[in-house]
Amino acid sequence: MSNSMPALTLLGPGEVALTDKPVPTPGPGEVLLAVEATTICGTDLRIISGQKTSGVRPGVTLGHEVAGRIEAVGEGVTGLAPGCQATVSIVLSCGVCRACLAGREHLCESMELIGYGIDGGLAPYLLVPARAVSRGNVIVSPRELPANRLALSEPLSCVLNGHTRHGGVNPGETVVVIGGGAIGLLHTQLALACGARQVILCEKHADRRERATALGALTASPDSLVATVAEVTGGWGADVVVVAIGRNEIADQSLDLAAPGGRVSWFAGFPKGSSATVQPNTVHYNELTVSGGSNARRADVHRAVDMLAAGTIDEKPIVTHTFGLSQWREAIDAVTGHAGIKIAIDPRR
Ligand SMILES: [Zn+2]
Ligand SMILES: [Zn+2]
């Protein structure tokens, strides 16, 4: 192991470069992961472009959707052995604040996130801090998986948390997913695995609709969505509506698509500080439940890893491209240019 490594580093708002950093040596309680894949998400783009600055430390190595292998463990680490394939739950929570005690560690008042405030996975090695290791944030895969599949454990864990918040999908229900990116396709696979009678995925890009069709969803363009939902449900509406694209005008539309008694998940993040106009009577008269979902707990990451290991969720329609770390600009361009769905970086390339 040479003692320095390239790392995709946030220099300041909107400023990113590949810099040389020392390869970390795990101290007491720490774990060193050799990174095998890190997938890029919309939040990374917002950090790289300077739109997102809160909770992000200049100098940090980016990347929070990480699949790796335990390279070395520090003194006192038990139950984690070099060679094991593993991912990391990126939320470092305090365990004692009201949010943590209420079972919402992912909303911890003093949380820190790997890939935001703590060095992440867009580098050959990632050092997991002792306070994360001792709380079980390093999660070993029960069997060998393609690295690009294991990397989806982070976005899938967030989807599972959102799913829990909206009450889940019951067999025979009709589900609308608005937005056909990686998150929308994960919600689609999850709803079908839960026994949804029909998932209707709304997406304006035809190539993304094709991917959803291949997964077993019925697709609609934004123009045809209302008519499609009416047709499939006999005018009743969808049992569950998941908003997987953060556009304010969709907030009101999502309420209209739900059946009486339906659940609506505003899963996507909306533009910071923005407002939306909704008709509150749609919630009142139709007795809708509206929920959110942000981030995930360690338990959700465990569940995500198990589902990926079982093959319940397939990464192949989602992770469309893999680049080396030196090709990071191409990788970012592929994300912003919608060249694929999700882009992975393999720092071993
Ligand atoms: Zn992400
Ligand atoms: Zn806390």
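The values are calculated or read from the model by the stated rules, or taken from the named source; none is laboratory data. Since the structure is predicted, the reported quantities are computational estimates derived from the model, not experimental observations. Please note: Cβ atoms are built from the backbone with ideal geometry, for glycine as well, and neighbour counts cover all protein chains shown. Just so you know, the surface numbers come from the protein's heavy atoms only, side chains and all, with ligands and any DNA or RNA stripped out. Shrake-Rupley method; radii C 1.70, N 1.55, O 1.52, S 1.80 Å.
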With a 1.4 Å probe and all protein chains in place, put Asp306, Asp346 in order of accessible area, largest first.
Asp306, Asp346
With the full set of protein chains in place, find how many percent of the accessible area of segment 53-124 is carbon and sulfur; take the probe as 1.4 Å.
52
Residue-level accessible surface for Arg69, protein heavy atoms, 1.4 Å, Å²:
60
Which value, in debye to the nearest 20, describes the size of the charge dipole of segment 159-292 about its Cα centre when Lys and Arg Cβ atoms bear +1, Asp and Glu Cβ atoms bear -1, and nothing else is charged?
360
Would the chain count as rounded, prolate or oblate if I go by the C-alpha gyration tensor, calling it rounded below 1.5 in a/c and otherwise prolate when a/b exceeds b/c, oblate otherwise?
prolate
Is there a quick way to get the dipole size of segment 234-349? I mean about its Cα centre, with the Cβ of Lys and Arg at +1 and of Asp and Glu at -1; what is the value in debye to the nearest 20?
480
In whole Hz, what ³J(HN,Hα) sequence does segment 225-231 give by Karplus (6.51, -1.76, 1.60; θ = phi - 60°), x for Gly and Pro?
4, 4, 5, 5, 5, 4, 5
Starting from 0.36 nm per residue, how many nanometres of slack lie between Lys272 and Ala17 once their C-alpha separation is accounted for?
89.2 nm
Angle check, please: helix 206-215 long axis (alpha carbons) against the longest principal axis of the chain (alpha carbons), in degrees 0 to 90, nearest 10.
90
Quarter of the Cα convex hull surface for segment 159-292, i.e. its orientation-mean projected area (nm²):
7.3
Can you tell me how much longer the chain between Glu109 and Asp314 gets when fully stretched, taken as 0.36 nm per residue apart minus their C-alpha distance, in nm with one decimal?
70.4 nm
Whole-percent carbon and sulfur share, accessible surface of segment 159-292, 1.4 Å:
51
At 1.4 Å probe size, with no ligands or nucleic acids counted, give the accessible surface of His321 in Å², nearest ten.
60
Determine, from the Cβ-Cβ distance of Ala81 and Arg348 and an R0 of 22 Å, the FRET efficiency 1/(1 + (r/R0)^6), rounded to the nearest 0.05.
0.60
Could you order Arg349, Arg143, Arg165 so the one with the most accessible surface comes first? Probe is 1.4 Å.
Arg349, Arg143, Arg165
Output wanted: per-residue J couplings in Hz (rounded whole) for segment 287-294, from phi through Karplus 6.51 cos²θ - 1.76 cosθ + 1.60, θ = phi - 60°, x for Gly and Pro.
6, 7, 10, 10, 10, x, x, 9
For segment 281-312 and segment 247-263, write down the distance between their C-alpha centroids in whole Å.
17
Please state the relative contact order of segment 176-280 as a whole percent: Cα pairs under 8 Å, 6+ residues apart?
24
Under 17 Å from a label point 7 Å along Cα→Cβ of Ala227: give me every residue in segment 184-209 with its amide N that close.
201-204
Overall dimensions of segment 29-128 as given by Cα atoms, namely Rg and Dmax in Å:
14.3, 40
How far is it, in nm, from the label point at Asn286 to the one at Asp207 when both lie 7 Å from their Cα along the line to the Cβ?
3.4
At R0 = 25 Å, FRET efficiency that the Cβ-Cβ distance of Ser294 and Glu330 yields, to 0.05
0.25
Given the whole protein assembly as supplied and a 1.4 Å probe, what does the accessible area of Ser54 come to in Å², nearest 10?
70
Cα→Cβ-extended label distance, 7 Å offset, between Glu144 and Ala193, nm
2.2
Using all C-alpha to C-alpha distances in segment 161-216, build P(r) with 10 Å bins and read off the rounded percent in each one.
26, 57, 16, 0
With a 1.4 Å probe and all protein chains left in place, how much accessible area per residue does the chain have, in Å²?
41
I'd like the FRET efficiency for Leu45 and Ser134, computed as 1/(1 + (r/R0)^6) with the beta carbon distance as r and R0 of 35 Å, rounded to 0.05.
0.60
With the convex hull built on the alpha-carbon atoms of segment 72-133, volume per residue in Å³ sits at 104
Flagged links, alpha-carbon separation over 23 Å, of Lys272/Lys316; Lys204/Lys316; Lys21/Lys316:
Lys272/Lys316; Lys21/Lys316
Built amide H within the under 5 Å cut-off of Ala238, gap 5+
Ala258, Ala259
State the percentage of accessible surface on segment 1-51 attributable to carbon and sulfur atoms; use a 1.4 Å probe and exclude ligands, DNA and RNA.
53
